[in-house]
Amino acid sequence: MKPYRPAFALKNFSSLAPSKPPISVHNVETFIDARSIKTGFDPNTCRSNFMVENLLRKGYLSTARQVFDQMPSRNTVSTNMMISGYVKSGDLLKARHMFDTMLDRTAVTWTIIIGGYVQKSQFHEAFKLFAEMRRHDTQPDPVTFATLLSGCNDAEADNELVQVHGLVLKLGYHSSIIICNSLVDSYCKTDHLDFASRVFEDMPERDSVSFNALINGFAKDGLTEDAITLFLQMQNLGFKPSDFTFAGILSAAIRLNDLAFGQQIHGFLVKTGFVGNVFVGNALLDFYSKYDCLVEAGKLFDEMPDLDGISYNVIITCYAWSGQHEEAISLFRELQFTGFKRRQFPFATMLSIAANVLDLRMGQQIHSLAIVTTADSELVVGNSLVDMYAKCGRFEEAEKIFRSLAKRSTVPWTAIISGYVQRGFHEEGLNLFNEMHKAGVRADQATFASILKASANLASLSLGKQIHSFVIRSGYMSNVFSGSALLDMYAKCGSIKDSIQLFQDMSERNIVSWNALISAHAQNGDAKATLDSFEKMVQSGFQPDSVSFLSVLSACSHCGLVQEGLRYFRTMTRIHNLVPKKEHYASMVDMLCRSGQFNEAEKLMDEMPFDPDEIMWSSVLNSCRIHKNQELARKAADQLFSMEVLRDAAAYVSMSNIYAAAGQWDNVGKVKKAMRERGIRKVPAYSWVEIRHKLHVFSANDMLHPQMEEIRKKIEMLSKQMEKEGYKPDTSCALHDVDENIKIESLKYHSERLAIAFALISTPEGSPILVIKNLRACTDCHAAIKVISKIIRREITVRDSSRFHHFKDGICSCGDYW
């Protein structure tokens with residue numbers, strides 16, 4: 001990256017030029033005396049005013065005030081200068097106090113104080129002062145109108161804007177070009193392009209500023225063709241474009257979605273010499289960044305003769321959006337050594353990088369810098385801090401910042417809700433959504449996506465349906481992303497029919513909605529429907545992405561379609577020019593291992609461009625348990641045990657289970673000891689079922705549920721019926737060195753069977769049952785539930801950590817391949 005080039009570098013050469021002779025005191029006094037005679041002012045007052053003016057120009061506000069206070073006689077000019085000095089320094093309180101104590105105010109006085117409130121974005125207070133000015137019979141001049149109108153830039157000022165326009169017409173200022181330009185600009189900023197166009201058309205004369213205001217208004221409102229037409233009209237009429245013109249037309253080019261047009265404007269800028277203007281350069285940089293033209297944006301940034309803080313902000317954001325975090329971080333470090341305003345650094349962008357890569361330390365460093373520069377008080381930075389801490393799992397800090405925000409809009413609410421949901425705290429996320437709703441904050445598509453994910457992971461179909469109706473009432477049903485999130489929710493709640501219906505009812509589909517449908521079929525173990533949907537998507541003209549292929553490979557893996565899986569894996573690179581990611585290789589390893597093709601799996605892991613991770617070796621280990629390959633299991637376990645960080649105790653549990661199934665209890669003890677020494681605990685198995693809008697959670701051998709006596713009676717009754725159907729318990733799943741009868745008894749009270757028994761005593765006969773388990777179901781429970789579905793003549797759906805199992809009439813949808 002090139003070194004920092006400050007805009008003021010050339011100014012340093014001015015010291016080499018011949019110095020001009022200083023103005024003598026005599027000359028100054030002569031100048032002051034001449035001005036006082038000409039204006040009729042008192043000479044002493046005029047001299048003092050000159051001193052005050054000179055001190056204010058140099059920034060010596062307190063010294064200027066001392067001179068002002070010591071003046072024997074002051075006039076309106078004296079006080080106006082001091083009020084202006086306070087306004088420019090940002091001290092509106094002292095400016096207002098001095099204004100309120102004035103007896104003789106002119107239009108200039110009123111204009112200065114009105115401008116002060118406009119600068120502080122307090123338009124309504126500025127308008128009150130304007131109304132008071134009129135009550136004092138002080139006639140506003142064009143500068144007063146222009147100053148007031150410059151602060152009228154949001155829809156809440158509609159009423160005041162119309163009143164000001166009416167007064168302009170009443171006072172006969174409708175032909176003033178400065179006022180008309182301000183009216184056009186204000187109407188554009190308040191989204192009243194019809195009024196802006198009418199004022200523009202009625203103007204007796206126009207200048208470049210008139211055209212710039214309307215061009216930018218059209219561009220901002222998405223009327224790109226109107227903006228471009230007006231730009232061409234401006235050229236034909238001979239008006240010279242300015243930097244504001246090009247900024248507006250480049251903004252229109254972004255919305256036009258026409259890269260070639262923007263490149264033509266770039267060429268025009270080179271011809272007219274505007275490309276060296278930092279304001280125009282930044283607009284052009286923003287144009288290329290919005291089109292993801294990283295090479296062009298980087299080259300332009302390197303070639304810009306002058307840079308400012310905005311230049312850095314745009315290029316850093318460009319790299320961040322494209323996932324090139326190292327480049328963004330490097331530029332941010334470079335930015336810190338410039339002289340640009342630190343408060344305007346792209347803190348929000350840098351915090352989003354920390355959030356996406358879950359780098360808490362980086363996020364905390366950015367937070368500290370934001371505090372030092374007071375940028376943490378800005379709403380966009382505060383929202384980003386909430387998002388960063390929530391995504392990094394630091395909910396205490398996230399909530400503290402969230403509660404301290406001056407304004408809690410949809411953005412921070414969604415950030416903290418999605419943070420909880422992503423970390424698996426689904427109920428907390430849903431509680432916050434309820435709080436958000438009570439606070440009267442409107443949810444958007446991102447909010448709905450998060451809470452739909454929460455209800456999907458909880459498998460709460462009733463809650464999902466409530467949110468569905470909420471989405472409809474909020475007007476987001478036609479949004480393709482909301483529709484896709486709903487489709488995914490129904491699929492994860494086991495209601496594949498509703499998912500398909502939602503997809504068919506979509507007025508618009510994109511790659512996201514197709515991927516949601518493909519994933520829905522894959523999760524439910526329907527490989528045929530998964531592959532059919534994939535092919536239909538391709539036939540519809542959509543290019544499959546890495547997500548599409550991940551679902552297809554997962555479906556092939558779960559259904560034993562090894563040859564089909566290999567074929568689709570090859571087409572990723574050969575036909576669709578996609579580079580397989582680590583998760584695609586993980587699916588392939590899982591597919592080969594499930595089918596017992598361990599040599600092929602090891603070969604693939606040796607050839608892939610990265611080292612096998614925890615997920616891959618876990619797949620090998622699980623398959624070794626199924627196929628009783630103890631030798632490879634030990635190799636996989638050694639690889640897993642040597643890793644610095646493990647997600648959970650699954651590797652130790654799997655190896656322990658392999659030894660237990662082989663009756664090698666000494667080795668079981670050794671594995672459990674190693675697990676304890678490492679401080680890793682086994683994740684307890686839980687199953688839950690939703691009955692009448694309430695989730696009931698069970699653990700193995702649970703005795704805490706208030707209806708446990710009835711539940712156990714139901715299990716005993718089912719056990720007798722199951723025995724008549726030929727069911728025999730698989731005691732190899734009871735991995736404890738105990739008596740065979742104790743093993744059989746313990747299997748009966750696994751968490752999923754308790755949940756099914758409770759559902760049977762709590763729901764009408766014939767109604768379907770959906771049970772969710774946080775871990776993989778054991779083979780004995782799988783066999784038992786098949787028999788139960790035949791006895792009770794109900795459809796039972798079990799969603800474990802691996803997939804869906806749909807049991808009906810003694811058959812499972814997985815075909816016993818899982």
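The values are calculated or read from the model by the stated rules, or taken from the named source; none is laboratory data. Because the structure is predicted, anything quoted here is derived from the model rather than measured. Note: ideal-geometry Cβ built from the backbone for every residue, glycine included; neighbour counts use all protein chains shown. The area values use the complete protein model at the heavy-atom level, side chains included, leaving out ligands, DNA and RNA. Shrake-Rupley method; radii C 1.70, N 1.55, O 1.52, S 1.80 Å.
Ignoring everything but the protein chains, give the 1.4 Å probe accessible area of TRP665 in square angstrom, nearest 10.
Counting only protein heavy atoms, the figure is 70 Å².
Specify which labelled value, from (i) 0.98; (ii) 1.28; (iii) 1.96, agrees with Cα Rg over 2.2 N^0.38 Å derived from the coordinates of the model shown.
Looking at Cα Rg over 2.2 N^0.38 Å for this model, the match is (ii).
Residue-wise, which Karplus ³J(HN,Hα) couplings in Hz belong to region 627-638, taking 6.51 cos²θ - 1.76 cosθ + 1.60, θ = phi - 60°, and x for glycine or proline?
After applying 6.51 cos²θ - 1.76 cosθ + 1.60, I find 8, 6, 9, 6, 5, 5, 4, 5, 4, 5, 5, 4 Hz.
Cα-Cα over 22 Å: which of LYS290/LYS581; LYS748/LYS790; LYS497/LYS582; LYS465/LYS492?
Table pairs above 22 Å Cα-Cα are LYS290/LYS581; LYS497/LYS582.
At what distance in angstrom do the alpha carbon centres of region 610-652 and region 341-420 lie from each other?
Here the answer is 38 Å between Cα centres.
Please report the net charge: other residues with Cβ closer than 15 Å to the Cβ of ILE215, K and R +1, D and E -1.
Around ILE215, the charge tally is -2.
Please report, as a whole percent, how much of the solvent-accessible surface of the chain comes from carbon and sulfur atoms (probe radius 1.4 Å).
Numbers: 21790 of 41260 Å².
Heavy-atom surface of the chain belonging to carbon and sulfur, 1.4 Å probe: 53 percent.
Taking the Cα centre of region 605-648 as origin, sum charge times position over the Cβ atoms of Lys and Arg (+1) and Asp and Glu (-1), and report the length of that vector in debye to the nearest 20.
Once rounded to the nearest 20, the dipole reads 340 debye.
Please name which of ALA449, ILE500, ALA439 has its Cα lying farthest along the dipole of region 408-508 towards the positive end, using unit charges on Cβ (Lys, Arg +1; Asp, Glu -1) and the Cα centre as origin.
ALA439
Is region 427-554 best put as rounded, prolate or oblate by its Cα gyration tensor, with a ≥ b ≥ c the root eigenvalues, rounded for a/c under 1.5, and otherwise prolate when a/b is larger than b/c, oblate when not?
Prolate is the answer for region 427-554, as a/c is 1.5 or above and a/b outweighs b/c.
Over the heavy atoms of ARG776, what accessible area does a 1.4 Å probe trace out, to the nearest 10 Å²?
Accessible area of ARG776: about 70 Å².
In debye, nearest 20, what is the charge dipole magnitude of region 171-315 about its Cα centre with +1 on Lys and Arg Cβ and -1 on Asp and Glu Cβ, if you could check? Mind showing how you got there, number by number?
Values: 9 positive and 19 negative charges, 25 e Å.
Around 120 debye, computed over region 171-315.
How large is the helix-only mean residue ellipticity at 222 nm for the chain, computed as the sum of -39500 (n - 2.57) over DSSP H runs with n ≥ 4, divided by its residue count, in deg cm²/dmol to the nearest 500? Before the final figure, lay out the partial values.
Values: 43 runs with 538 residues, N = 818.
For the chain, the value works out to -20500 deg cm²/dmol.
What whole number of Å gives the distance from the Cα centroid of region 210-232 to the Cα centroid of region 757-818?
62
Only loop residues by DSSP count here, and only those with at most 14 other Cβ atoms within 10 Å; note down the chymotrypsin sites (Phe, Trp or Tyr not before Pro) in region 333-362 that meet that.
Values: sites: PHE337, PHE340, PHE347; in loops: PHE337, PHE340.
In loop regions of region 333-362 (DSSP not H, G, I, E or B), the sparsely surrounded chymotrypsin sites (Phe, Trp or Tyr not before Pro) are PHE337.
Cα gyration tensor of region 343-403, axes a ≥ b ≥ c as square roots of the eigenvalues: rounded (a/c below 1.5), prolate (a/b > b/c) or oblate?
Cα axes put region 343-403 in the oblate bin.
With a 1.4 Å probe and all protein chains kept in place, how much accessible area does PHE239 have, in Å² rounded to the nearest 10?
About 60 Å², ignoring ligands and nucleic acids.
Can you bin region 687-812 into rounded, prolate or oblate? Criterion: square roots of the alpha carbon gyration tensor eigenvalues sorted a ≥ b ≥ c, rounded for a/c under 1.5, prolate for a/b above b/c, oblate for the rest.
Cα axes put region 687-812 in the rounded bin.
Per residue of region 550-562, what does 6.51 cos²θ - 1.76 cosθ + 1.60 with θ = phi - 60° give for ³J(HN,Hα)? Whole Hz please, x for Gly and Pro, Karplus curve as stated.
4, 5, 4, 5, 5, 5, 5, 5, 6, 10, x, 8, 5
What net charge do the residues around ILE177 carry, taking every other residue with its C-beta under 13 Å from that of ILE177, with Lys and Arg at +1 and Asp and Glu at -1?
Net charge around ILE177: -3.
Provide the gained length on full extension for the span GLU745 to MET643, in nm with one decimal, where the gain is 0.36 nm per separating residue minus the Cα-Cα distance.
33.0 nm is the gain from fully extending GLU745 to MET643.
Using amide H atoms built in the peptide plane, which far-off residues or other-chain residues are under 5 Å from LEU578 H to H?
THR573
How tilted is helix 43-58 with respect to the longest principal axis of the chain? Cα atoms for both, answer in degrees (0 to 90, nearest 10).
Orientation of helix 43-58: about 30 degrees from the principal axis.
Starting from region 149-217, pick out the chymotrypsin sites (Phe, Trp or Tyr not before Pro) whose DSSP state is loop and whose Cβ has at most 15 other Cβ atoms within 10 Å. List each step's numbers first, then the result.
On the way: sites: TYR173, TYR187, PHE195, PHE200, PHE211; in loops: TYR173.
Here no loop site has a sparse enough neighbourhood.
So, counting K/R as plus one and D/E as minus one, what does the shell of residues with Cβ under 13 Å around LEU531 add up to?
-1
Tell me the label-point distance for the pair HIS437, PHE425, using the 7 Å Cα-to-Cβ offset, in nm and rounded to one decimal.
2.1
Under a 5 Å amide H to amide H cut-off, with H placed in plane at 1.01 Å, what residues pair with PHE804 once short-range neighbours are removed?
GLY525
For region 768-780, take each phi angle, set θ = phi - 60°, evaluate the Karplus expression 6.51 cos²θ - 1.76 cosθ + 1.60, and give the result in whole Hz per residue in order, putting x for glycine and proline.
In residue order, the calculated couplings are x, 10, 10, 10, 10, 10, 7, 10, 6, 6, 7, 5, 5 Hz.
With point charges of +1 on the Cβ of Lys and Arg and -1 on the Cβ of Asp and Glu, referenced to the Cα centre of the chain, which listed residue (ALA227, LEU486, VAL386) lies farthest in the positive direction of the dipole?
Ranked along the dipole, the leading option is VAL386.
Taking the Cα centre of the chain as origin, work out the dipole magnitude from +1 charges on Lys and Arg Cβ and -1 charges on Asp and Glu Cβ, in debye rounded to 20. If you can, show how the numbers build up before the last one.
Values: 90 positive and 92 negative charges, 245 e Å.
Computed charge dipole of the chain: roughly 1180 debye.
Averaged per residue, what accessible area in Å² does the chain show with a 1.4 Å probe, protein chains only?
50
If amide hydrogens are placed 1.01 Å from N in the peptide plane, which non-local residues have theirs closer than 5 Å to the one on TYR686?
Counting only residues 5 or more places away or on other chains, the set is ASN774, LEU775.
Which one, ASN524, ALA685, LEU103, projects farthest toward the positive side of the charge dipole computed for the chain from Cβ point charges (K/R +1, D/E -1)?
Value computed over the given set: ALA685.
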